[in-house]
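The values are calculated or read from the model by the stated rules, or taken from the named source; none is laboratory data. The structure displayed is predicted, hence computed values, not measured ones. When we count neighbours, we look across all protein chains shown, and the Cβ atoms used for this are built from the backbone with ideal geometry, even at glycine. Just so you know, the surface numbers come from the protein's heavy atoms only, side chains and all, with ligands and any DNA or RNA stripped out. Shrake-Rupley method; radii C 1.70, N 1.55, O 1.52, S 1.80 Å.
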Amino acid sequence: QVSAALKEGHVSPTELCQQCLSLIKSTKFINAYITVAEETALKQAEASEERYRRGQPLGVLDGIPIAVKDNFNTAGIETTCASNMLRGYISPYNATVVQKLLDQGAVLLGKTNLDEFAMGSGSTDGVFGPVRNPWSYSRQYKEKTVPKFHSEDKDSNWVITGGSSGGSAAAVSSFTCFAALGSDTGGSTRNPAAHCGVVGLKPTYGLISRHGLIPLVNSMDVPGILTRCVDDTAVVLGSLAGHDPKDSTTIQDSFKPFELPNLTDVSKLSIGIPKEYHAPGLSSEILHLWSKAADLFEKAGAKVVEVSLPHTPYSIVCYHVLCAAEVASNMARFDGLEYGHCSDMNKSTESMYAATRREGFNDVVRGRILSGNYFLLKQNYEKYFTKAQKVRRLIANDFVKVFRSGVDVLLTPTTLSDAAPYVEFIKEDNRTRSAQDDVLTQAANMAGLPAINVPTTLSERGLPVGLQFIGRSFQEQQLLTVAKWFEKQVQFPVIQLEEVKRHDDGVFQDQKSASFS
């Protein structure tokens with residue numbers, strides 16, 4: 001819609017960029033951005049405006065403000081991974097996905113906040129502080145919760161965004177950009193998408209290039225896409241997908257961008273409901289919602305069948321072994337010699353290494369490095385790493401069997417509950433939280449399958465709740481078509497940001513009309 005408005009001259013790229021920058025300033029308390037590239041963004045918007053003036057826009061994304069998670073390299077703009085280890089680091093090149101967006105004329109507003117090195121499920125563990133969920137400041141949430149809290153507690157009442165791409169989800173949710181990139185290794189795009197009421201896609205492994213995404217777990221990492229509707233996700237996916245000679249894991253075939261049809265007949269669809277996703281800790285509210293969604297498909301004529309993915313319960317344990325092992329290997333590059341933080345400790349090379357890594361990494365990262373090196377010890381390798389790889393294969397085979405049985409798409413919850421208040425969330429350590437929060441999203445990463453969160457309704461506390469669709473490998477078009485049909489049925493409400501209205505009423509109204517009119 002905003003792309004059409006740009007083409008018709010109802011709004012100019014510069015005006016749109018200025019509105020978003022203005023909104024970023026008035027929502028600074030959300031802490032969604034680590035770096036705001038105001039000068040660069042305005043230059044890009046001016047270049048876009050010139051192209052529109054000449055009648056030669058580069059595509060649908062020309063002039064559209066976007067944000068990028070701060071673990072993607074961006075030439076000329078700081079890339080920190082929310083860590084002291086990379087504070088001040090400026091990459092000499094753009095990640096492939098960033099370059100593709102810029103080549104389409106998108107306007108890069110800035111880099112978004114995350115858990116340090118994307119290790120976490122709350123976006124609370126980065127050195128730049130936690131990200132606040134924009135829904136904490138919505139009329140919908142305040143009407144349900146404020147009477148229960150004393151006025152002096154109101155600032156401690158805010159809820160988390162989920163993670164680790166919480167900054168990107170909050171940026172899209174609070175209208176400061178129209179799309180954002182996240183990364184997804186165990187659910188890091190879908191989890192915050194569910195908590196922030198936005199669409200979050202984890203594409204098939206190998207469909208989008210990882211070149212320039214600072215790695216966490218090479219065999220599971222994928223760039224994720226966050227937008228406010230499924231159609232927008234399809235547009236961004238069309239710009240990013242396809243082979244990249246700089247990433248040998250990308251598909252060799254060329255990718256043809258697609259427009260999503262308006263599905264009217266779902267009678268030919270078979271929707272699988274995996275019984276193992278009725279996991280311990282799943283709230284009764286989400287269980288009820290999941291059941292209602294299955295009924296919705298059934299009433300519309302789709303075939304809804306219960307299926308079994310028997311190895312799902314082992315997914316999290318298996319993931320923790322493989323994740324820690326790959327983290328230990330990937331983090332070895334941060335030694336203080338070539339880039340990033342370097343300690344003043346100069347007694348010996350070894351002491352400099354040790355001090356650099358102690359000062360640069362937080363406890364979470366150091367803990368995963370230690371566990372990973374333990375799993376990779378010669379005497380432990382077979383017992384942990386090799387066994388975890390075998391279990392991973394069993395998990396992937398479960399999905400293959402289910403899809404071979406005729407199921408088109410799996411329907412599952414995305415999260416166990418709605419977003420937790422920050423004060424409650426930090427009572428448990430990062431590892432415990434990640435194990436709980438990734439349980440419904442992680443298996444799709446193990447199997448390399450595409451999965452999408454679709455915001456579905458508001459909980460009893462007035463917070464977003466989403467459901468997840470998991471598709472067949474490289475069948476993004478079918479997955480997104482089903483997600484779009486579901487999105488249309490549920491009619492998720494628009495966030496009403498009270499706090500932003502107080503900060504800057506005019507900007508919010510303009511932005512809202514640009515997005516939804």
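Here are some notes:
- Residue count for the stretch 329-350 under the criterion of being open to solvent by less than 30 Å² (accessible area, probe 1.4 Å) and of a type in the set (Ser, Thr, Tyr): the result is 1.
- Cross-chain or 6+ apart pairs with Cβ under 7 Å, the stretch 478-495 first and acidic (Asp, Glu), then in a loop (DSSP other than H, G, I, E, B): Glu487/Cys229
- Residue in the stretch 36-51 that is buried (at least 23 other Cβ atoms within 10 Å of the Cβ), part of a loop (DSSP other than H, G, I, E, B), hydroxyl-bearing (Ser, Thr, Tyr) and at pLDDT 95 or above present: no
- Flag for Ser219 being crowded, with 23+ Cβ neighbours inside 10 Å, of a type in the set (Ser, Thr, Tyr) and in contact (Cβ under 8 Å) with a residue 60 or more places away in the chain: no
- Among the residues of the stretch 78-89, some residue qualifies, meaning at least one is open to solvent by less than 10 Å² (accessible area, probe 1.4 Å), assigned to a loop (DSSP other than H, G, I, E, B) and of a type in the set (Val, Ile, Thr).
- Residue within the stretch 109-122 that is at pLDDT 95 or above, open to solvent by 20 Å² or more (accessible area, probe 1.4 Å) and either touching a helix residue (DSSP H, G or I) at 6+ places or on another chain (Cβ under 7 Å) or not in a helix (DSSP H, G or I) (or both) present: no
- Tally, over the stretch 73-90, of residues that are closer than 21 Å to Leu42 by Cβ and touching a Gly at 6+ places or on another chain (Cβ under 8 Å): 3
- Test result for Thr249, surrounded by fewer than 20 Cβ atoms within 10 Å (Cβ to Cβ), among the hydroxyl-bearing types (Ser, Thr, Tyr) and under 30 Å from Ile66 (Cβ atoms): yes
Okay, residues lined up against (1) under 29 Å from Ser121 (Cα atoms); (2) touching a residue at least 12 places away in the same chain (Cβ under 8 Å); (3) out of contact with any helix residue (DSSP H, G or I) (no Cβ under 6 Å at 6 or more places or on another chain):
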| residue | (1), (2), (3) |
| --- | --- |
| Ser284 | yes, no, yes |
| Val305 | no, yes, yes |
| Tyr319 | yes, yes, no |
| Gly336 | yes, yes, no |
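- Entry remark, the stretch 272-293: residues being charged (D, E, K, R) and loosely packed, with under 10 Cβ neighbours inside 10 Å number 0 in total.
- Ala355 part of a helix (DSSP H, G or I), open to solvent by 50 Å² or more (accessible area, probe 1.4 Å) and either over 25 Å from Leu394 (Cβ atoms) or at pLDDT below 95 (or both): no
- Residue identified as in contact with a helix residue (DSSP H, G or I) (Cβ under 6 Å, 6 or more places away or on another chain) and open to solvent by 40 Å² or more (accessible area, probe 1.4 Å) among Val60, Val11: Val60
- In this structure, Leu296 does not satisfy being surrounded by fewer than 13 Cβ atoms within 10 Å (Cβ to Cβ) and among the hydrophobic types (A, V, I, L, M, F, W, C).
- Which listed residue, of Leu213, Leu263, Leu269, is within 30 Å of Asp418 (Cα to Cα), modelled with pLDDT under 95 and open to solvent by 10 Å² or more (accessible area, probe 1.4 Å): Leu263
- When the stretch 337-361 is filtered for residues that are small (Gly, Ala, Ser) and within 29 Å of the chain's Cα centre (by Cα), the ones remaining, listed by number, are Gly340, Gly360.
- Close Cβ contacts (under 9 Å, 6 or more residues apart or on different chains) running from residues in the stretch 128-146 that are over 14 Å from Ala420 (Cα atoms) and of a type outside the set (Lys, Arg) to residues that are at pLDDT below 95 and open to solvent by less than 30 Å² (accessible area, probe 1.4 Å) comprise Tyr137/Leu497; Tyr137/Val500; Ser138/Leu497; Val146/Asn157.
- Members of the stretch 421-458 that are touching a helix residue (DSSP H, G or I) at 6+ places or on another chain (Cβ under 6 Å), open to solvent by less than 10 Å² (accessible area, probe 1.4 Å) and among the small types (Gly, Ala, Ser): Ala443, Ala451
- Count - residues of the stretch 90-107 that are surrounded by fewer than 21 Cβ atoms within 10 Å (Cβ to Cβ) and either hydrophobic (A, V, I, L, M, F, W, C) or closer than 28 Å to Glu338 by Cα (or both): 7
- Pairs are defined by a Cβ separation below 8 Å, a sequence spacing of at least 6 or placement on different chains, a first member in the stretch 424-440 that is under 18 Å from Ser283 (Cβ atoms), and a second member that is among the small types (Gly, Ala, Ser) and part of a helix (DSSP H, G or I); the pairs so defined are Val439/Ser315.
- Some residue of the stretch 216-225 being in contact with a helix residue (DSSP H, G or I) (Cβ under 8 Å, 6 or more places away or on another chain) and of a type in the set (D, E, K, R): no
- Any chance Asp244 is out of contact with any strand residue (DSSP E or B) (no Cβ under 6 Å at 6 or more places or on another chain), over 25 Å from Ile225 (Cβ atoms) and of a type outside the set (Gly, Ala, Ser): no
- With respect to the conditions (1) within 23 Å of Thr432 (Cβ to Cβ); (2) free of Cβ contacts under 8 Å to residues at least 24 places away in the same chain, Pro313 lacks only one, and its number is (2).
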